[in-house]
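S.K.: Can you read through this structure? Questions will come right after.
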Amino acid sequence: MNSPAPMAGALQIAAALVFHLPGARLELTSPDGHRCSVGPMTDPRCTLHPAEFRELVLASGNCELLGTLMGLALAEETTMTLTSSVVDMSHLGAGLYRVAGCEFTSYAFTTPLPAGLVDRLMVTLPDALSGEPGRDDPDGYGDEGVTVCVSLVRDDGLGVTLVVISPGRVDDSTRCEAIARAAVSACLVAEMEHFSALMNEAPS
């Protein structure tokens with residue numbers, strides 16, 4: 001990989017998720033038990049808008065300074081929990097979230113990789129999932145003909161790309177989760193390859 005991807009921390013990832021994922025709500029709990037909810041102002045539990053929170057994260061860069069700006073005693077051990085104001089959202093592990101909407105369930109995760117690289121990784125997923133080159137499959141997802149919609153949102157300020165994968169049809173929901181998990185794995189491998197390349201390039 002020629003162009004380095006900035007490694008976002010947990011704070012930057014949380015800010016990207018609550019800002020770019022519609023309906024997301026982020027709850028911060030300080031070590032002394034104080035809480036702050038970030039999310040849509042239509043949710044009475046939320047006291048800070050996601051756009052304001054993003055600006056504060058950009059201005060601070062770490063939990064302690066963020067706490068100073070927010071008037072809370074935040075520290076590195078601050079608990080950050082992503083939930084939702086309008087839909088059912090759950091963490092599946094490895095940074096992958098299931099977002100259950102009214103019509104279908106989508107899957108979201110973040111990566112420090114540039115959107116263009118994520119797009120190229122997504123193109124290679126069909127072959128990996130089908131186990132074959134996919135020559136006879138115009139849809140690219142093996143015999144099952146699964147169609148998914150992928151949305152990539154790059155936030156250069158936070159150093160994060162948000163990936164949202166949704167089924168093209170309701171019947172594709174189960175297969176969509178498998179594709180989302182494969183996408184997370186592919187991105188994690190690419191991130192490790194990038195990190196290893198940076199370590200090898202570092203002066204000894």
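S.K.: Identify, please: which residue in the range 24-40 is open to solvent by less than 100 Å² (accessible area, probe 1.4 Å) and free of Cβ contacts under 8 Å to residues at least 24 places away in the same chain and is, among those, farthest from residue 10 (Cα to Cα)? So that I can check it myself, show each step before the final result.
M.R.: In the first step, residues of the range 24-40 are kept if they are open to solvent by less than 100 Å² (accessible area, probe 1.4 Å); the result is 24-33, 36-40.
Filter again for free of Cβ contacts under 8 Å to residues at least 24 places away in the same chain, leaving 33, 37-38.
Numbers: 33: 19, 37: 16, 38: 15 Å.
If we take residues in the range 24-40 being open to solvent by less than 100 Å² (accessible area, probe 1.4 Å) and free of Cβ contacts under 8 Å to residues at least 24 places away in the same chain, then 33 is farthest from residue 10 (Cα to Cα).
S.K.: Taking interchain pairs and intrachain pairs at least six residues apart, which have beta carbon atoms under 8 angstrom, with the first residue in the range 113-125 and open to solvent by less than 30 Å² (accessible area, probe 1.4 Å) and the second of a type in the set (Val, Ile, Thr) and part of a helix (DSSP H, G or I)?
M.R.: 125/179
S.K.: Does the range 29-47 include one or more residues that are within 23 Å of residue 150 (Cα to Cα), outside any loop (DSSP other than H, G, I, E, B) and modelled with pLDDT of 90 or more?
M.R.: no
S.K.: Something else now. Can you name every residue in the range 1-28 that is modelled with pLDDT under 90 and of a type in the set (A, V, I, L, M)? Even if it seems obvious, please write down each step before you answer.
M.R.: Residues of the range 1-28 modelled with pLDDT under 90: 1-10, 22-23.
Once the filter is applied, which keeps residues that are modelled with pLDDT under 90 and of a type in the set (A, V, I, L, M), the range 1-28 yields 1, 5, 7, 8, 10.
S.K.: Could you check the range 66-94 and list, in sequence order, the residues that are open to solvent by 30 Å² or more (accessible area, probe 1.4 Å), under 24 Å from residue 55 (Cβ atoms) and either touching a residue at least 12 places away in the same chain (Cβ under 8 Å) or under 16 Å from the mean Cα position of the chain (by Cα) (or both)?
M.R.: Those that are open to solvent by 30 Å² or more (accessible area, probe 1.4 Å), under 24 Å from residue 55 (Cβ atoms) and either touching a residue at least 12 places away in the same chain (Cβ under 8 Å) or under 16 Å from the mean Cα position of the chain (by Cα) (or both): 69, 70, 72, 73, 76, 77, 79, 80, 81, 83, 85, 86.
The values are calculated or read from the model by the stated rules, or taken from the named source; none is laboratory data. Values in this document were obtained by computation on a predicted structure and should not be read as measured data. All Cβ positions, even for glycine, are placed from backbone atoms using ideal geometry, and neighbour counts span all protein chains on display. Keep in mind that these areas ignore ligands, DNA and RNA; they rest on the heavy atoms of the full protein, side chains included. Shrake-Rupley method; radii C 1.70, N 1.55, O 1.52, S 1.80 Å.
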